[in-house]
Amino acid sequence: MKKYLSIFFALFSTCLFAQPRINECSTSKIKHFQKLEKAAEINYPGDNNIDVKFYKLNLNISYDDQTIGGIVKIDAASKINNLTTVFFDLQNHFNISSAKLNGNDLSYTFSNNIITITLDKPYNENEIFSIDIAYNGTPGSSGFGSFEFNDHNGDPAIWTLSEPYGASDWWPCKDTPADKADSSEVWVTADEFFVTVSNGNLIAEINNGDGTKTYKWKNSYPIAHYLISLAMTNYTLYEKQFEYEPNKFMPVAHYNYPENLDDQRKLNLDKTTQMLQVFSNLFGPYPFLTEKYGHAEFGWGGGMEHQTISSMGSFGESIVAHELAHQWFGDKITCKDWQNIWLNEGFATYSEALFVEAAYGKVAYHNYIQNEMGSSDKWWTAKGAVGSIYVQNINSIGEIFNGARSYSKGATVLHMLRKVVGDENFFNSLKTYLASPSLAYNVATTEDFKNVCEAVSQMDLDYFFNEWIYGENYPNYSYNWGFKDLGNNQFSIQLNLNQRQNSNPTFFTMPIDIRVNTTLGDTTLPIFNDQQIQNFDFIVLGQPNSLEVDPEIWILRDIENTTTSVNENNLTEQFQLYQNYPNPFNPSTLIKFTIPSSANDKLRTVLLKVYDVLGNEITTLVNEIKSPGNYEVQFDASNFSNGVYYYKLSSGNFVQVKKMMLLK
């Protein structure tokens, strides 16, 4: 599911979205939020004594009456010996007319949103039975709008979005992502106006001769109950083909509201086949090649990854990539429980960045990730996340789909993991995870993914997952460094690295890159930081000019603004202001300056300020008395717009100005 509306939970009463990618805000969001509490008390794993094998929904839907009715067939196997009763989940606003097995009536009770059925005989472990439940009524609409009678451009529209607890608002099921059916069918009879779209392949379209049509859709792959979907209106189909092997094609079907299918929409949709190729290369073959991939436009502000047919409220590049990536992460492998929702949402969000990398290059990838990292004052970004990625309270839909944690921070964790294990191990881990016989087309937990990564990389990753998935916050580093001339153009660097105290964990263990700029060029040195206060010594060739911690921003972290490099034997005899690095930059850069030894007896205030191109002061980076030494200051321009800026160093009679460029 795309995070446009997951972000909404944090600020549902307004439409003040500062993040550029969030550009949709409507009164429907408030309506959806107000419905959340209806589902908030649902927190149970379904009937754990049965293993669902097959769902068939055979429904009659009346838009005018806003009712649905029909028969849902459920095939299941007993997981215990002497099974005599089973239960399924369905909201009490429905009426049940019968429950049958082999055409014979079964006794049942229906209360507290549970149908409890007495079987015709005791069933032993692995024995299969088939129950038909006939029901009718007006569906509910909790969560994100589990079943909606809607409209567009004055025309009727019907759509579903069952994640996480909404499936039982419109059909009887076992309400847990942990039990995927082996296959499913959705048959719908409705007014002939409607084109009905669902999962898998369309096996029949029948004109009933009475003003109604029946659409029969069949899905032949394992499917989580919440991914079974309906989308119905007067769609216009725009279809392409994905050539996944030479001369082998799969349909890519886009069902659009007729009034919205213009040339720009087609250009956006045409990127889908490119994305299919990129993700197939990175993750392995598209998981549902014998069926289709496609989109069905619907009246919700985000997107939902219904298996083989994502429901879409918009068609920008990031949301199309996000929902497509879910076909691997969320649909092929589904989180076993909602506590592990990051295995769906974090992976899909990170896949947006991977597509950016494939399409536009590494710099664009890093910019995308830095946008996801954000800053602590941006509550929708990874640095704004509160609590652990592992969801502590699945009674709250807002907690499950917290945009900062499950989406942005989840994506950032994968970015960091990629650096920790290396590109080859990382992408091999993703492919191995998706192809694992015990996980493919099944369900997974964080520990399952961790075990795969450890097996592929041959690395112990307990520390990484414990602090980033089950822990909270992120590291805040500060550091001091200096160097000594060893002769023969060799210099010994002493680095003191500190972390601010955190709650859980106390501090973060991480491998970190250190980049030293010397008179001979740049040198990058890896260190492993496993103490809150830690000293490192290393030797470089060439006199050091500057030192950067995590220069490419592979870590979700903050670094204190001012760090000092003191080398009393090698100070210049005059003030120096150096060109910032990198330049151009996005969103942060380092500014280095030197206070000479001759200033030791004058103790003057040092000012370092930044100005815009019109000469307006926008921030003060340094305003304090400084002793002689080499200094570095980080300037974070996340909140400023593209353009030219000037930075000025002044102390006493010394004034120097240099130019820098912010390029986002």
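Every number here is computed from the coordinates shown, using simple stated rules; none is lab data. It should be emphasised that the depicted structure is a prediction, and the values quoted were computed from it without experimental measurement. Methodologically, a virtual Cβ is constructed for each residue, glycine included, from the backbone with ideal geometry; neighbour enumeration extends over all protein chains shown.
Observations, loosely collected:
- Among the chymotrypsin sites (Phe, Trp or Tyr not before Pro) found in region 352-458, not one is both in a DSSP coil and sparsely packed, with 11 or fewer other Cβ atoms within 10 Å of its Cβ.
- If R0 is 51 Å, the Cβ-Cβ spacing of Thr524 and Thr116 corresponds to a FRET efficiency of close to 0.20.
- Segment Asp262-Asn124, length gained on full extension (0.36 nm per residue, minus Cα span): 44.0 nm
- The chain: relative contact order as a whole-number percent, Cα under 8 Å and 6+ apart: 9
- Within the chain: Cβ-based charge dipole about Cα centre, in debye rounded to nearest 20 (Lys, Arg +1; Asp, Glu -1): 1280
- The stretch between Asn48 and Glu424, if pulled fully straight at 0.36 nm per residue, gains 131.4 nm over its current Cα-Cα span.
- Each Lys and Arg Cβ is given +1 and each Asp and Glu Cβ -1; about its Cα centre, region 386-469 then shows a dipole of about 280 debye.
- For region 50-231, the relative contact order is 23 percent, taking Cα pairs closer than 8 Å that sit 6 or more residues apart in sequence and dividing their mean separation by the residue count.
- Considering only Ala167, Thr620, Ile514, and ranking their Cα positions along the charge dipole of the chain that arises from unit charges at the beta-carbon of Lys, Arg, Asp and Glu, the one farthest toward the positive end is Thr620.
- Sequence-separation-based contact order of region 473-553, relative, with Cα cut under 8 Å and 6+ spacing, percent: 34
- Electrostatic tally near Ser546: other residues with Cβ closer than 12 Å to its Cβ, Lys and Arg +1, Asp and Glu -1, net -1.
- Dipole in debye (nearest 20) - region 473-553, about Cα centre, beta carbon charges: Lys, Arg +1; Asp, Glu -1: 180
- Footprinting exposure proxy for Met459, Met373 (fewest neighbouring C-beta atoms within 10 Å first): Met459, Met373
- Once the Cβ-Cβ distance of Asn102 and Asn281 is raised to the sixth power relative to R0 = 45 Å, the FRET efficiency obtained is 0.40.
- Here the calculated FRET efficiency for Glu472 and Asp210, from their Cβ-Cβ distance with R0 = 45 Å, stands at 0.15, rounded to the nearest 0.05.
- Counting only whole DSSP H helices of the chain, the ones at least 15 Å long by C-alpha along their axis and with mean Kyte-Doolittle hydropathy no lower than 0.5 are 410-421.
- Spatial separation of Cα centroids for region 460-506 and region 256-274, in angstrom: 48
- Residues His225, His366, ranked from the fewest to the most other C-beta atoms within 10 Å, line up as His366, His225.
- Taking only the C-alpha atoms of region 159-227, Rg followed by Dmax gives 13.4, 41 Å.
- Its residue count N sets the reference 2.2 N^0.38 Å, and the alpha-carbon radius of gyration of the chain equals 1.12 times that reference.
- Computed lengthening from Ile203 to Asp155, 0.36 nm per intervening residue step minus Cα-Cα distance: 14.7 nm
- Expected 222 nm ellipticity per residue - DSSP helices of 4 or more, -39500 (n - 2.57), all of the chain, to 500: -5500 deg cm²/dmol
- The residue among Phe538, Gln490, Tyr479 whose Cα reaches farthest toward the positive pole of the charge dipole of region 473-553, with charges on the beta-carbon of Lys, Arg, Asp and Glu, is Tyr479.
- Burial order of peptide ranges 645-651, 613-619, 344-350 (average beta-carbon count within 10 Å, highest first): 344-350, 645-651, 613-619
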